[in-house]
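Below: one structure, written as structure tokens.
Every read-out reported here was derived from the displayed coordinates using simple, explicitly stated rules and does not represent laboratory data. Bear in mind that the values here come from a model prediction, so they are computed numbers and not experimental data. Cβ coordinates were reconstructed from backbone atoms using ideal geometry, including for glycine residues, and neighbour counts include every protein chain displayed.
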Amino acid sequence: MSDAFDLVDLVSISKLTENKLLHLLEHFKSPQAIKRADVRSLSSIVGSGIAHSIKKTETRSARAAQYELLDKLNVEVLPYYSERYPAWLRMIDHFPPVLFMRGAIKPEDEISLAIIGTRGATVYGKTIADTFASAFVTAGVTVVSGMARGIDTAAHQGALKKNGRTIAVLGCGIDICYPPENRKLMEHIIEHGAVISEFPLGTPPLAQNFPKRNRIVSGLSKAVVAIEAKEKSGVMNTIRWALDQNKDVFAIPGNIFSKASRGTNLLIKEGAIPVTSAAEVLESLGIQYTKKERVAQDVELDGSEKQVWETLGHEPVYLDTLSEQLGQPTGPILNVLLGLEMKGLVKQLPGMRFVKSLE
């Protein structure tokens, strides 16, 4: 946490926007150098008002309570140049120069999907969010959402139910659980992923914070899946960010009489990809079975096993068909398949059909 205290001081300056802070960090190379710089040098980049605010930042002893809270909650303060900062988030416009994080974001989380939707979700919407999230993490995909009531909560729960990874992006300080009834959920997310925020500690969940945080939700994800949304909502704001970031947008068709589905039905009319299963999303993005592919890479396969594994698909195939594709007799291939089945990489179906295992 060598930079953490100085970053906390800088992020806490209300008029120091993320763009201005980024310019300062790029120019001075470290938060310590920013605080040591003279007013004239600072003013040339951010103006005299902010420059004087930087020079007047409180002493560490005056901010002792905040620093103690960082330690108590095990919060990491990640500048954009940190190795722990998600590299793919830096690829979007207006990325946050500093993130507060509880838990951990791993390189594998780059393969992630955002599930978003209304707080006033129907039972139908919550069920879909749970089902899609469960299917995504089973395939090795990380689920990103905002930990709000309704669809967000169901998405995180669906991911955790399958022991998958999930990331929550908050619209308040990372020391605040919002909504408060999600405290246990928040702790579980920290254990199986990360909770992140760009807002200083103690920042309340103000309405204006959420449109801003939505760019991070879409920025962390390969694509966005909208399940239920009103025509004017935070969901539609996230979709706009996703489109600006050239991300695919998927939408679940809903009841035409339901207010909760008006936004998603509108998105489909305007070009969003309509889907009715998680498998359609995964197939469209070419990331159907990421988790099993990773497992296969970690297991030592000999030449014959690797050849059969790479030839086998995610749709069931007959033994005779594999024999034709490989130009080999069925007997040796069957022995290899049974060995792969013992390793949990292949599943045998009735009729001597085989498929890569998804379990």
Give me the net charge of Lys222's neighbourhood, meaning all other residues with Cβ under 12 Å from the Cβ of Lys222; Lys, Arg count +1, Asp, Glu -1. -2
Please give every one of the lysines within straight-line cross-link reach of Lys212, meaning a C-alpha to C-alpha distance under 22 Å, and leave out same-chain neighbours fewer than 8 residues apart. Lys15, Lys20, Lys222, Lys230, Lys232, Lys247
Beyond 17 Å, what share of the Cα-Cα pairs of segment 123-209 remains, rounded to the nearest whole percent? 43 percent
Here the equivalent ellipsoid of segment 1-152, derived from its Cα gyration tensor, has semi-axes (largest first, whole Å) of 36, 16, 15
Towards the positive end of the charge dipole of the chain, with charges on Cβ (+1 Lys, Arg; -1 Asp, Glu), say which of His52, Leu25, Asn335 has the farthest Cα. His52
Taking Cα pairs under 8 Å and at least six residues apart, what relative contact order does segment 1-69 come out at, in percent? 33 percent
Order of Met186, Met91 from fewest to most other C-beta atoms within 10 Å? Met91, Met186
Measuring from its Cα centre, the chain shows a charge dipole (+1 at each Lys and Arg Cβ, -1 at each Asp and Glu Cβ) which, in debye to the nearest 20, is 1420 debye
Karplus 3J(HN,Hα) series, Hz, for segment 151-156 with 6.51 cos²θ - 1.76 cosθ + 1.60 (x for Gly, Pro): 4, 4, 4, 4, 5, 4
Which one of Ile167, Ala121, His94 is farthest out on the positive end of the charge dipole of segment 88-176, using unit charges on Cβ (Lys, Arg +1; Asp, Glu -1) and the Cα centre as origin? Ala121
Among Asp93, Asp248, what is the fewest-to-most ranking by other Cβ atoms within 10 Å? Asp93, Asp248
The size of the Cβ-based charge dipole (Lys, Arg +1; Asp, Glu -1) of segment 107-285 about the Cα centre, to the nearest 20 debye, is 540 debye
Using amide H atoms built 1.01 Å from N in the peptide plane, name the residues 5+ places from Ala229, or on other chains, whose amide H lies under 5 Å from its own. Thr118, Ser261, Arg262, Gly263, Thr264
Pick from Glu231, Glu324, Glu181 the residue whose mean-square fluctuation is largest in a GNM of the chain, springs joining Cα atoms under 10 Å. Glu324
Anyone know which of Gly254, Gly103, Gly271 comes out most mobile in the 10 Å Cα GNM of the chain? Gly271
Sequence of Ser261, Ser233 once ranked by neighbouring C-beta atoms within 10 Å, starting from the fewest: Ser233, Ser261
Going toward the positive end of the dipole of the chain, with +1 on Lys and Arg Cβ and -1 on Asp and Glu Cβ, which of Ile34, Ile105, Ser304 do you reach last? Ile34
At 20 °C in a medium of viscosity 1.002 mPa s, segment 1-69 has a Stokes-Einstein diffusion coefficient, with Rh taken as the Kirkwood radius over alpha carbon pairs, in µm² per second, of 177 µm²/s
Among Leu266, Leu243, Leu301, which one shows the highest mean-square fluctuation when the chain is modelled as a Gaussian network with alpha-carbon springs under 10 Å? Leu301
Which longest run of the chain has no exposed loop site in it, a site being trypsin sites (Lys or Arg not before Pro) in a DSSP loop with at most 11 other beta carbons within 10 Å, and the site itself not part of the run? 57-231
Just one of [x] 40; [y] 46; [z] 26 is percent of Cα pairs over 33 Å apart calculated from these coordinates, so which is it? [x]
What is the local net charge at Ser44, summed over the other residues whose Cβ is closer than 15 Å to its Cβ (Lys, Arg +1; Asp, Glu -1)? +1
Using bins 5 angstrom wide from zero, how does P(r) for segment 107-285 break down, in % of all Cα pairs? 1, 10, 20, 24, 23, 15, 7, 2, 0
Report the relative contact order of the chain, percent, no decimals, based on alpha-carbon pairs under 8 angstrom and at least 6 residues apart. 12 percent
